[in-house]
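J.: Encoded as structure tokens, here's the structure I'll be asking about.
Each value in this text was obtained by applying a stated rule to the coordinates, not by laboratory testing. Being a predicted model, the structure only gives us computed values, none of them experimental. Cβ placement follows ideal geometry from the backbone for every residue including glycine, while neighbour counts extend to all protein chains displayed.
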Amino acid sequence: MQQEQPIVNASFPQAILHIDGDAFFTSVEQSMHPHLKGRPVVSGKERGIIACASYEAKALGIKRGVGLWEARKICPDLVVLPSDYESYSIYSKRMFEIMRRYTPAVEEYSIDEGFADITGLRRLHHMSYPDIAKKIQETICKELDLTVSVGLSLSKGLCKIASDYRKPHGFTAVRGRHIHLFLQRIPLEEVWGFGRNTVALLQKHGLHTAYDFVLRPSTWAQKMLGKPGLEIWHELRGVNLLPVTPNPKPANVCIGKGKTFTTPSADKEFVYAKLVRNVESAFIKLRRHKQRTKEIHVSLRFKDYNQLGLGARLNRATDSTQEVLPMVRELFEKVFRPGHEYRTTQIWLTRLESAESTQFDLFDDRLKIERFDRLAKTIDEINARFGKHKVCAGTALQIRDTPATARTELPWRKQNLLPGETDRQRLYLPRLNLKI
């Protein structure tokens, strides 16, 4: 017989909320294109698989990760759009700006979800904690014309589960004295931090709900799942061990660039050209942040999503694209498998260090290094004036020769520019497709 007394004998000793966008990408599309509301919409046309499905599409059984050909079999009238990440980013920033009107303690967890600490703000806003959370939800809906689901509770772990409890456009507040009742309704699969293997392990010990888990002693949780399991045990019991961190995560721990092809390819030179374009983009960002890299990693993803990768450490840190291209080619030759089709190339730059000061080793070719530096600076200046990749490696000719297909279609925003905008330079504003 499970005990029924409350785990916490208080309402909100602290108040943490989690806001999660409902089918965020397609909701943004429906906000910009009102005629799409109520229709099954998916994004991901450029990838050939669904990146996001609207709730109208989900109701038909269409889910993220499903191939477009399969989705069209389910719904011939499905609206398939290329992903417009630029507009999604704009809406995301505005959503977080609305959250910051009510509290400065906002943590951007991903592009479409975030945490906020509203503890102690009842007097300031003259509202209860649930009313503050609902006000944020209503403001986002009113100003951005898209819905979000909100969870409010004592810890991140609890409010993240709560935000998913009544999707879409749901609101769930879990007070301290009601935690034990709420957790009895939550299967282990829905606990934030529990993966498939963890759930299977706990089920073998007779656990089926989050409440079953928190009834076990903390020592048992730590013994079975280690420190992460102990943290989850406390979070589920309303102890907030994971504070909301408004400051962004440290940038440039590593820099990565990847590109998925519109059509998988077995053409060796084409795949290499795509990889070189990733390298150029990564080093542009590296120089912009005034850093250098001492280690590079190359990865090629097959059509079936398996991948191979290889890394190498450089003799010295550099920010020159041309200096590392011979090494990139060598890594590529070792990783590439003839006869296989590839869908993605990736490059990762790690072991970063500041480029503010340069120190040469005794046997470094200083003249060669300085030529590389001048070349990189000149290329950056030209591209800043005329557009990214206007000056680039000759391998890019392989990219330009690729035929246009339905999957190369640009998002609507990029096809409908405002006066004065260019393909590379646009106002940081969404554009609504309204018919008057």
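J.: Please report the relative contact order for the chain, taking Cα pairs under 8 Å with a sequence separation of at least 6, and give it as a percent rounded to a whole number. Kindly include the intermediate steps, with their values, before the conclusion.
T.: On the way: 726 pairs, mean separation 72.3, N = 436.
Computed over the chain, the figure is 17 percent.
J.: At 4 °C and 1.567 mPa s, what whole-number value in µm²/s does Stokes-Einstein give for the translational diffusion of the chain, with Rh from the Kirkwood sum over Cα pairs? Provide the component values of the computation, followed by the final result.
T.: Values: Rh = 25.0 Å.
Once the numbers are plugged in, D ends up at 52 µm²/s.
J.: Efficiency by 1/(1 + (r/R0)^6): what FRET value for GLU4 and LEU201, r their Cβ-Cβ distance, R0 = 30 Å, to the nearest 0.05? Before the final figure, lay out each step's value.
T.: Numbers: r = 27 Å, r/R0 = 0.89.
That pair, GLU4 with LEU201, gives E of 0.65.
J.: Considering every pair of different Cα atoms, what Kirkwood radius, in Å, is found for the stretch 16-163? Working shown, then result.
T.: Details: mean 1/r = 0.0621 Å⁻¹.
Roughly 16.1 Å, rounded to one decimal.
J.: Within the stretch 255-361, which trypsin sites (Lys or Arg not before Pro) sit in a loop by DSSP and count at most 13 neighbouring Cβ atoms inside 10 Å? Don't jump to the answer; show the numbers that get you there.
T.: Numbers: sites: LYS257, LYS259, LYS268, LYS274, ARG277, LYS285, ARG287, ARG288, LYS290, ARG292, LYS294, ARG301, LYS303, ARG313, ARG316, ARG329, LYS334, ARG343, ARG351; in loops: LYS290, LYS303.
Loop-located and lightly packed - LYS290.
J.: Over the Cα atoms of the stretch 86-195, what is the Rg over Rh ratio if Rh follows Kirkwood?
T.: Values: Rg = 14.0 Å, Rh = 14.6 Å.
Rounded to two decimals, Rg/Rh equals 0.96.
J.: Hey, another quick one. Tell me the Rg and the Dmax, in Å, that the Cα atoms of the stretch 195-283 produce.
T.: That works out to 22.2, 59 Å for Rg and Dmax.
J.: Would you calculate the separation in nanometres between label points at ARG385 and THR245, each defined as 7 Å from the Cα along the Cα-to-beta-carbon direction?
T.: So the two model labels end up 4.2 nm from each other.
J.: Suppose every K and R has +1 on its Cβ and every D and E has -1 on its Cβ; what is the size of the dipole of the chain about the Cα centre, in Debye to the nearest 20? Walk me through the numbers on the way to the answer.
T.: Working: 68 positive and 49 negative charges, 30 e Å.
Roughly 140 debye, rounded to the nearest 20.
J.: Express in nm, to one decimal, how much length is gained between ASP304 and GLU143 on full extension, taking 0.36 nm for each residue of separation and deducting their alpha carbon distance. Walk me through the numbers before you get to the answer.
T.: Details: separation 161, 0.36 × 161 = 57.96 nm, distance 4.14 nm.
Computed gain between ASP304 and GLU143 is 53.8 nm.
J.: Identify the chymotrypsin sites (Phe, Trp or Tyr not before Pro) of the stretch 261-361 meeting these criteria: DSSP loop state and at most 14 other C-beta atoms within 10 Å of the C-beta. Write out the running numbers ahead of the final one.
T.: Working: sites: PHE261, PHE270, TYR272, PHE283, PHE302, TYR305, PHE332, PHE336, TYR342, TRP348, PHE360; in loops: TYR305, PHE336, PHE360.
Sites meeting the loop and neighbour criteria: TYR305, PHE360.
J.: Considering amide H positions built from the backbone, and no H for Pro or chain starts, which residues 5 or more places from ASN433, or on another chain, come under 5 Å of its amide H?
T.: Answer set, sorted by chain and number: HIS33.
J.: Then there is this: If you take the Cα Rg of the stretch 127-273 and divide it by 2.2 N^0.38 Å, with N the number of residues, what do you get?
T.: Working: Rg = 20.2 Å, N = 147, 2.2 N^0.38 = 14.7 Å.
That works out to 1.38 for the stretch 127-273.
J.: What is the ratio of the Cα radius of gyration of the stretch 1-74 to 2.2 N^0.38 Å, where N is its residue count, to two decimals?
T.: 1.69
J.: Also, quick follow-up: Just to confirm my numbers, what's the Cα centroid distance between the stretch 213-227 and the stretch 262-295 in Å?
T.: The distance from the Cα centre of the stretch 213-227 to that of the stretch 262-295 comes to 45 Å.
J.: Neighbour counts of other C-beta atoms within 10 Å: give me HIS180, HIS35 arranged from fewest to most.
T.: Values: HIS180 20, HIS35 11.
Neighbour counts put them in this order, fewest first: HIS35, HIS180.
J.: Further question: Once you've got the Cα coordinates, tell me which of LYS93/LYS290; LYS58/LYS227; LYS334/LYS368; LYS294/LYS334; LYS63/LYS259; LYS73/LYS334 are over 30 Å apart.
T.: From the list (LYS93/LYS290; LYS58/LYS227; LYS334/LYS368; LYS294/LYS334; LYS63/LYS259; LYS73/LYS334), the Cα-Cα distance tops 30 Å for LYS58/LYS227; LYS73/LYS334.
J.: Let me ask something else about it. Counting pairs of alpha carbon atoms under 8 Å apart in space and at least six apart in sequence, what relative contact order in percent does the stretch 255-403 give?
T.: Working: 220 pairs, mean separation 52.3, N = 149.
It comes to 35 percent, rounded to a whole number.
J.: From the C-alpha gyration tensor of the stretch 255-403, pull out the three semi-axes of the equivalent ellipsoid (sqrt of 5λ each), sorted largest to smallest, in whole Å. Could you put the intermediate results ahead of the total?
T.: Details: eigenvalues 148, 64, 32 Å².
Output for the stretch 255-403: semi-axes of 27, 18, 13 Å.
J.: How long is the gain from ASP131 to THR408 if the chain were fully straight, where each residue apart is worth 0.36 nm and the alpha carbon distance is subtracted?
T.: On the way: separation 277, 0.36 × 277 = 99.72 nm, distance 4.54 nm.
Here the segment from ASP131 to THR408 would lengthen by 95.2 nm.
J.: Let me ask another. How big is the dipole moment of the stretch 148-286 about its Cα centre under a simple scheme where the beta carbon of each Lys and Arg is +1, that of each Asp and Glu is -1, and everything else is neutral? Debye, nearest 20, please. Write out the running numbers ahead of the final one.
T.: Details: 20 positive and 9 negative charges, 33 e Å.
In total the dipole reaches around 160 debye.
J.: Here's a follow-up. Can you tell me the length gained on complete extension of the stretch ARG177 to LEU432, counting 0.36 nm per residue apart and subtracting the Cα distance? Write down the numbers at each step before the final one.
T.: Working: separation 255, 0.36 × 255 = 91.80 nm, distance 4.52 nm.
Extra length from ARG177 to LEU432 when fully extended: 87.3 nm.
J.: Counting only GluC sites (Glu not before Pro) that are in a DSSP loop and have at most 12 other C-beta atoms within 10 Å, tell me the longest site-free stretch of the chain.
T.: Numbers: sites that count: GLU4, GLU356.
Answer from the scan: 5-355.
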